[in-house]
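Beneath this line is the structure, given in structure tokens, with notes to follow.
The values are calculated or read from the model by the stated rules, or taken from the named source; none is laboratory data. Just so we're clear, the structure is a prediction, and the values are computed from it rather than from any experiment. Quick reminder, even Gly has a Cβ in these numbers, built from the backbone with ideal geometry, and neighbours come from all protein chains shown. Ligands, DNA and RNA are excluded from the accessible area calculation, which covers all protein heavy atoms including side chains. Shrake-Rupley method; radii C 1.70, N 1.55, O 1.52, S 1.80 Å.
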Amino acid sequence: MPKATFESIEALRQKIGQEIAVGDWMTVTQSQINLFAEATGDHQWIHLDEKRAAAESPYGTTIAHGFLTLSLIPRLMADALQLPKAKMSVNYGLNRVRFAAPVPAGKQVRARVTLPGIEEV
């Protein structure tokens, strides 16, 4: 999909309340899951033990850590959306996060971006 590009804040303001971008699909691999486990120390079998997950997990395979999926947001957003140039951009957090569904190893995720509003800081 082509990246949604916005040259100005005013162009963005015209899109408040609308979906402004849909990114390309990205496969979440077992290798990424393994590396995330090493980086975070989260070695639960549901993420790493492919044989046990196939036998015991309700998903039939390993699943990505919720925080791994969350950590992909900057990459998924960059693939979907080009915002106006700025001196600096800072992620200052999230108000609410829920992991509504598991991401099985080998499945794909993508960004769908809706602009609820713009707040100047």
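The string of couplings for region 64-76 from the Karplus curve (6.51, -1.76, 1.60, θ = phi - 60°) is 5, 4, x, 6, 5, 4, 4, 5, 7, 3, x, 5, 5 Hz, one whole number per residue in order, with x for Gly and Pro. Taking the Cβ of residue 75 as the center, what net charge do the other residues with Cβ under 12 Å away carry, scoring Lys and Arg +1 and Asp and Glu -1? Residues near residue 75 contribute -1 overall. Any idea which of 64, 46, 22 is furthest toward the positive side of the dipole for the chain, if Lys and Arg beta-carbons carry +1 and Asp and Glu beta-carbons -1? Selected residue: 22.
When we measure straight from the Cα of residue 107, which lysines land under 23 angstrom away, once same-chain ones fewer than 8 places off are left out? Filter leaves 3, 51. Annotation: per residue accessible area for the chain equals 72 Å², rounded to a whole number [probe 1.4 Å, protein chains only]. Measuring nothing but protein heavy atoms, the accessible surface of the chain at 1.4 Å probe radius is 53 percent carbon and sulfur.
Judged by the ratio a/c of the largest to the smallest principal axis of the C-alpha gyration tensor, the chain counts as prolate, that ratio being 1.5 or greater while a/b is larger than b/c. Using just its DSSP H runs of length 4 or more, each adding -39500 (n - 2.57), the chain gives a mean residue ellipticity at 222 nm of -8500 deg cm²/dmol after division by all residues. A viscosity of 0.890 mPa s and a temperature of 25 °C, combined with the Kirkwood radius over C-alpha pairs in the Stokes-Einstein formula, give region 38-98 a diffusion coefficient of 170 µm²/s.
Between exposed GluC sites (Glu not before Pro) in the chain, where DSSP calls loop and at most 12 other Cβ atoms lie within 10 Å, what's the longest gap? In short, 8-118.
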